[in-house]
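Visitor: Structure incoming, see below.
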Amino acid sequence: MIYGIGCDIVDIHRFEKYVDDKKRLEKLYTENELNEFYKITNKRRKMEFLAGRFAVKEATSKALGVGISKEFSFHDVEVKKDENGKPYIEYGDFRTHLTISHTDTTVVAFVVLEKGDLKNISLTSIQTFQELNKIKNIDVKTNLISLYIVQGMEELMEKFHVSKEADFYKVVRTYSLNGKVVQLATSYFDRRIVPFLSEEIAKKSIYEYLEKELKLKISYSQREIKFRKSTDEEKNYINLENIDRVVVIDTHAYLSNGNLFQYETITYHPDEFTFTAIAKR
């Protein structure tokens with residue numbers, strides 16, 4: 001999702017007086033930018049360098065909608081170069097896009113800031129939040145609420161076709177985006193298939209552990225989507241404010257040999273997620 005777009009155009013010759021003004025340079029540019037600037041010997045190129053980076057900072061402030069102010073200073077963003085020499089910037093948890101163009105007299109900079117979201121999550125693929133973080137450039141954080149072993153639950157006995165002696169790991173976790181809890185997940189893992197789980201594993205990625213360490217082949221899942229009234233537990237963990245309804249997905253996850261290894265109930269904040277699926281005729 002695009003958060004903001006900023007553009008700034010500056011006159012290159014305006015920066016001729018800045019080239020030897022150390023005090024002004026230190027006010028406008030970061031230490032790393034100045035280290036690069038002082039390596040340039042050509043005066044014209046120095047002016048272009050200063051003008052370009054100034055335009056980027058101004059364009060970024062406009063994309064944020066704050067301008068150069070208490071909320072954003074010239075040192076808050078720094079123009080860097082990747083391995084191919086392409087300029088880029090980093091700012092908070094935004095995905096950034098930068099273009100700088102020159103003419104003989106002016107420099108123009110365009111900055112686009114994108115904010116990661118949880119829209120258009122595919123229902124037809126099995127992805128962990130660690131994988132979604134990379135794909136969607138977001139930073140969903142996992143918080144482990146509890147991890148313990150349960151036994152004799154009739155619902156699990158029926159789903160897994162086991163006796164009351166069978167036991168399961170129960171894992172309760174919340175997931176947060178931008179400091180807001182958006183999901184509550186309760187998972188049950190068959191200990192005949194998953195004999196060991198630790199808090200460290202549960203805080204990271206259980207699926208990564210199952211596939212890389214236990215060499216299990218996760219194949220497919222069956223999902224049931226419901227829209228129902230929220231429970232007190234869900235209200236306790238998810239900031240629903242005045243919303244009294246939640247989206248719930250019950251998932252049965254299977255290995256490549258057809259064995260059910262996980263049953264999970266996930267509650268989603270209805271305003272934070274949208275889901276997609278491809279239907280064919």
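The values are calculated or read from the model by the stated rules, or taken from the named source; none is laboratory data. Computed from a predicted model, the values in this text were never measured in an experiment. So basically every Cβ, Gly included, is an ideal-geometry build from the backbone, and we count neighbours across all protein chains shown.
Visitor: At pLDDT 95 or above, more than 19 Å from PHE275 (Cα to Cα), among the hydrophobic types (A, V, I, L, M, F, W, C) and surrounded by fewer than 14 Cβ atoms within 10 Å (Cβ to Cβ): is that true of VAL171 in this structure?
Guide: Working: at pLDDT 95 or above: yes; more than 19 Å from PHE275 (Cα to Cα): yes; among the hydrophobic types (A, V, I, L, M, F, W, C): yes; surrounded by fewer than 14 Cβ atoms within 10 Å (Cβ to Cβ): no.
So VAL171 does not fit the description; no.
Visitor: Only one of (1) within 20 Å of ILE249 (Cβ to Cβ); (2) assigned to a loop (DSSP other than H, G, I, E, B) is not met by LEU184, so which one is it?
Guide: Going through the list (1) within 20 Å of ILE249 (Cβ to Cβ); (2) assigned to a loop (DSSP other than H, G, I, E, B), LEU184 breaks only (2).
Visitor: I'm checking my understanding of the structure. Among residues of segment 118-168 that are more than 24 Å from GLU199 (Cβ to Cβ) and assigned to a strand (DSSP E or B), which one is modelled with the lowest pLDDT?
Guide: LEU118
Visitor: Continuing with the same structure: Name the single residue that is surrounded by the most Cβ atoms within 10 Å (Cβ to Cβ) among those in segment 177-220 being of a type in the set (S, T, N, Q) and more than 24 Å from the chain's Cα centre (by Cα).
Guide: Quick first cut of segment 177-220, residues of a type in the set (S, T, N, Q) only: 178, 183, 186-187, 198, 205, 219.
Remaining after also requiring more than 24 Å from the chain's Cα centre (by Cα): 198, 219.
Working: SER198: 10, SER219: 14.
For segment 177-220, the residue satisfying everything is SER219.
Visitor: Exactly one condition in (1) part of a loop (DSSP other than H, G, I, E, B); (2) closer than 17 Å to THR128 by Cα is false for PRO270; which is it?
Guide: (2)
Visitor: Can you spot a residue in segment 34-42 that is in the same structural domain as LYS81 (by TED's automatic domain parsing), charged (D, E, K, R) and either farther than 27 Å from HIS97 by Cβ or in a strand (DSSP E or B) (or both)? Working first, answer last.
Guide: Kept after step one, since they are in the same structural domain as LYS81 (by TED's automatic domain parsing), are these residues of segment 34-42: 34-42.
Cutting the leftovers down to charged (D, E, K, R) gives us 36, 39.
Next cut, either farther than 27 Å from HIS97 by Cβ or in a strand (DSSP E or B) (or both) only: none.
Scanning segment 34-42 turns up no residue that is in the same structural domain as LYS81 (by TED's automatic domain parsing), charged (D, E, K, R) and either farther than 27 Å from HIS97 by Cβ or in a strand (DSSP E or B) (or both).
Visitor: Going residue by residue through segment 15-28, is there one that turns out to be among the aromatic types (Phe, Trp, Tyr), within 22 Å of SER61 (Cα to Cα) and outside any helix (DSSP H, G or I)?
Guide: Filtering segment 15-28 down to residues among the aromatic types (Phe, Trp, Tyr) leaves 15, 18.
Now drop any that are not within 22 Å of SER61 (Cα to Cα), which leaves 15, 18.
Applying the additional criterion that residues be outside any helix (DSSP H, G or I) yields none.
No: segment 15-28 contains no residue that is among the aromatic types (Phe, Trp, Tyr), within 22 Å of SER61 (Cα to Cα) and outside any helix (DSSP H, G or I).
Visitor: Here's another thing I want to ask about it. Taking segment 43-65 on its own, how many of its residues are loosely packed, with under 15 Cβ neighbours inside 10 Å and either in contact with a helix residue (DSSP H, G or I) (Cβ under 9 Å, 6 or more places away or on another chain) or among the β-branched types (Val, Ile, Thr) (or both)? Give the steps one after another, and end with the answer.
Guide: Start the filter on segment 43-65 by keeping residues that are loosely packed, with under 15 Cβ neighbours inside 10 Å, which leaves 43-45, 65.
Adding the requirement that they be either in contact with a helix residue (DSSP H, G or I) (Cβ under 9 Å, 6 or more places away or on another chain) or among the β-branched types (Val, Ile, Thr) (or both) leaves 43-44.
Adding up the residues that qualify gives 2.
Visitor: Looking at this structure, is THR96 surrounded by 15 or more Cβ atoms within 10 Å (Cβ to Cβ), touching a strand residue (DSSP E or B) at 6+ places or on another chain (Cβ under 7 Å) and modelled with pLDDT of 95 or more?
Guide: Working: surrounded by 15 or more Cβ atoms within 10 Å (Cβ to Cβ): yes; touching a strand residue (DSSP E or B) at 6+ places or on another chain (Cβ under 7 Å): yes; modelled with pLDDT of 95 or more: no.
Here the answer is no, as THR96 does not meet what is asked.
Visitor: May I pose another question? For residues that are within 24 Å of GLU233 (Cα to Cα) and either at pLDDT 95 or above or not assigned by TED's automatic domain parsing to the domain that holds LYS217 (or both), scanning just segment 254-266, find the one that is surrounded by the fewest Cβ atoms within 10 Å (Cβ to Cβ). Walk me through it before giving the result.
Guide: From segment 254-266, those within 24 Å of GLU233 (Cα to Cα) are 262-266; that's our starting set.
Going one step further and asking which of them are either at pLDDT 95 or above or not assigned by TED's automatic domain parsing to the domain that holds LYS217 (or both), we end up with 262-265.
Values: GLN262: 24, TYR263: 19, GLU264: 17, THR265: 15.
Filtering first and then ranking leaves THR265.
Visitor: Looking at the structure I just gave you, is ASP76 exposed (fewer than 12 other Cβ atoms within 10 Å of the Cβ) and assigned by TED's automatic domain parsing to the domain that holds GLU16?
Guide: Values: exposed (fewer than 12 other Cβ atoms within 10 Å of the Cβ): no; assigned by TED's automatic domain parsing to the domain that holds GLU16: yes.
In short, no.
Visitor: Can you tell me which residues in segment 227-247 are in a strand (DSSP E or B) and surrounded by 18 or more Cβ atoms within 10 Å (Cβ to Cβ)?
Guide: Quick first cut of segment 227-247, residues in a strand (DSSP E or B) only: 227-229, 245-247.
Of everything in segment 227-247, those that are in a strand (DSSP E or B) and surrounded by 18 or more Cβ atoms within 10 Å (Cβ to Cβ) turn out to be VAL246, VAL247.
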